[in-house]
Amino acid sequence: MADATTTSQLLTPTLDDDGAPFWDYATRGELRIQACADADCGELRFPPRPCCPHCQSFDSEWRRMSGRGRIWSYVIPHPPLLPAYAAQAPYNAIVVELAEAPRIRLVGNLVSAPDAPLNSVDPDRLKIGARVQVAFTEVDGVTVPRWVLERS
């Protein structure tokens, strides 16, 4: 997950060898996180990298996650914004703590449906600790995770 680039107006990830499987699984609608494949370690790690920071093993695997989590933090960006984002303001950017891996946190947007605009959720509905579920959508040829509120 190197730095982001702009292919049209919206920011999209730059694909690299370490992160490519994450995006391949996202295209299939699966949220998978890289894990150390060493039998004595097994630690999950994100962002993906070639070597385990815990045991230094170069063996890894991709574990399927439930896609459930909680809002750990959020922000409502304010101008100046890139033009494509300014048109959707106010919108949110959230940090999600995964349910089965609380040390793993992913950034995305809380939306009302996978293909909904970034401003589809009223900022007043954002709450730290709110339960969310991953939802995937395509942005400029890359399938990205977004988040929807989990239904109780």
Query raised in the report: For the stretch 96-152, what log10 I(q)/I(0) values come out of the Debye formula at q = 0.21 1/Å, with one point per alpha carbon and no solvent?
Result: -0.82
Requested in this report: Could you work out the relative contact order of the chain, using alpha carbon pairs under 8 angstrom and six or more residues apart, expressed as a whole percent?
Outcome: 21 percent
Report task. Using Cβ-Cβ distances only, list the Cys residues of the chain with no partner cysteine under 4.7 Å, sorted by number. Result -> C51
Requested in this report: Quote the relative contact order of the stretch 32-106 in percent (integer), defining contacts as alpha-carbon pairs under 8 Å separated by 6+ residues.
Outcome: 27 percent
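Please return the longest stretch of the chain lacking exposed loop sites, where trypsin sites (Lys or Arg not before Pro) count only if DSSP places them in a loop and at most 12 other Cβ atoms lie within 10 Å.
On the way: sites that count: R28, K127, R151.
So the longest stretch without any such site is 29-126.
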Requested in this report: Over the stretch 11-152, with every protein chain in place, what whole percent of the accessible area is carbon and sulfur at 1.4 Å, could you tell me?
Outcome: 50 percent
Query raised in the report: Rounded to two decimals, what ratio of Rg to Rh does the stretch 1-144 give with C-alpha atoms and a Kirkwood Rh?
Result: 0.98
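Using a 1.4 angstrom probe on the protein heavy atoms only, could you order H54, H78 from most to least accessible area?
Largest accessible area first, the list is H78, H54.
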Report task. With a 1.4 Å probe and every protein chain left in place, work out the accessible area per residue of the chain in Å², rounded to a whole number. Result -> 55 Å²
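Report D for the stretch 1-82 in µm² per second (integer): Stokes-Einstein, Kirkwood Rh on Cα pairs, 4 °C, 1.567 mPa s. Could the numbers behind the result be given before it?
Working: Rh = 14.8 Å.
Stokes-Einstein gives a translational diffusion coefficient of 88 µm²/s.
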Report summary line: For the chain, whose charge dipole is built from +1 on Lys and Arg Cβ atoms and -1 on Asp and Glu Cβ atoms, the candidate among T12, L31, I76 with its Cα farthest towards the positive end is I76
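The values are calculated or read from the model by the stated rules, or taken from the named source; none is laboratory data. Note that the coordinates shown come from a computational prediction; the quantities given were computed from them, not determined experimentally. Using ideal geometry, Cβ is built from the backbone for each residue, glycine included, and neighbour counts are taken over all protein chains shown. Just the protein is used for accessible areas: all its heavy atoms, side chains included, with ligands, DNA and RNA removed. Shrake-Rupley method; radii C 1.70, N 1.55, O 1.52, S 1.80 Å.
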